[in-house]
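See structure below.
The values are calculated or read from the model by the stated rules, or taken from the named source; none is laboratory data. Keep in mind it's a predicted model, so treat the numbers as computed, not measured. Cβ coordinates were reconstructed from backbone atoms using ideal geometry, including for glycine residues, and neighbour counts include every protein chain displayed. Ligands, DNA and RNA are excluded from the accessible area calculation, which covers all protein heavy atoms including side chains. Shrake-Rupley method; radii C 1.70, N 1.55, O 1.52, S 1.80 Å.
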Amino acid sequence: MSGGTRPPELSAHGGNGRPATSGGTGRPAGDGGAGRLEVADVVKAFGANRAVDGVSFVAEAGRITGLIGPNGAGKTTLFNAVAGEYPLDAGSVRLDGEQIGSLPPYRVFSHGLARTFQIPRPFGGMTVLENVMCVPERQAGERFWNSWLRPGLVAREERRNMERAREIIEFCGLTKVERQLAGAISGGQQKLVELARALMADPKIVLLDEPGAGVNPALLDTIVDRIVELNKRGLSFLIIEHNMDFIMSLCDHIVVMATGRVIAEGEPDTVIADPQVIDAYLGGAIQ
């Protein structure tokens, strides 16, 4: 990883969305534990249009899984369904064996699934640091009476959150802009803010929707480096991306969608040689 920045500690996820302390034990790669996402026969329709039509695959724990396909294949609709933004019309989604399909987003989040968006959605009027600090759920300061009755608790928790947020911000290469408004930084930096916010939740798996889209090469290298380092620590990823160099360099396993269905999956070299993939997604461009 460029820059030698130490990755933030990943704790064993307790399902409460709270940040790990800087003294966390971490979740080493290959511990066979958290982050296995199983999508089974998922259907999501809008009227007569089945945008996701019986999709099944597994994103194994501790691995980086790519989800590719042409525009209109249903990839982002599937992401939205998995993350709870859309209720499923059929099928199931399980995270480490627990059913999360059709749960509302805040409950999916609490189970350990975090996601970013194709177009970043920071709180533009808040600083980068504030964007990251506001992630943990059930902070004492959210209850106005605690500021009067338990000010010490509120202050201690805020200090812990700030320390953790700054650790993650440094890891993501955003320290120089942490006091800037998130709406005033570049699109690539905003994508790193989204990654930082996801990490603040101490997730089991992170869903990244086109993290490389519109990002300059230097920042893209930073994003790739951070994903690789986090995966070495045991964090699972499911990534939508059109940049094939990005996908080929990162992913252990690739799932290909077209017209709402999975048409191929497997190791990257095998998938890009599949005739259906070449016809449906790559248009014969790869030789």
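For the full complex of protein chains and a 1.4 angstrom probe, list Leu220, Leu181, Leu95 by accessible area with the highest value first. Before the final figure, lay out the partial values.
Details: Leu220 30, Leu181 85, Leu95 5 Å².
Output order, biggest surface exposure first: Leu181, Leu220, Leu95.
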Rounded to whole angstrom, the alpha-carbon centroid of region 81-101 lies from that of region 196-216 at a distance of 19 Å
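Subtract the Cα-Cα distance of Arg159 and Asn49 from 0.36 nm times their separation in residues, and report this length gain in nm to one decimal.
On the way: separation 110, 0.36 × 110 = 39.60 nm, distance 4.91 nm.
Extending this stretch completely gives an extra 34.7 nm.
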Straight distance only, please: which lysines reach the Cα of Lys75 with their own Cα at less than 21 Å, same-chain residues fewer than 8 apart left out?
Lys44, Lys191, Lys204
Residues of region 193-287: accessible area per residue at 1.4 Å, in Å²?
37 Å²
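If packing is taken as the average count of other Cβ atoms within 10 Å, what order do 82-90, 206-214 fall into, highest mean first? Display every interim value, and only then the final one.
Details: 82-90: 17.9, 206-214: 22.6.
With the highest mean Cβ count within 10 Å placed first, the list reads 206-214, 82-90.
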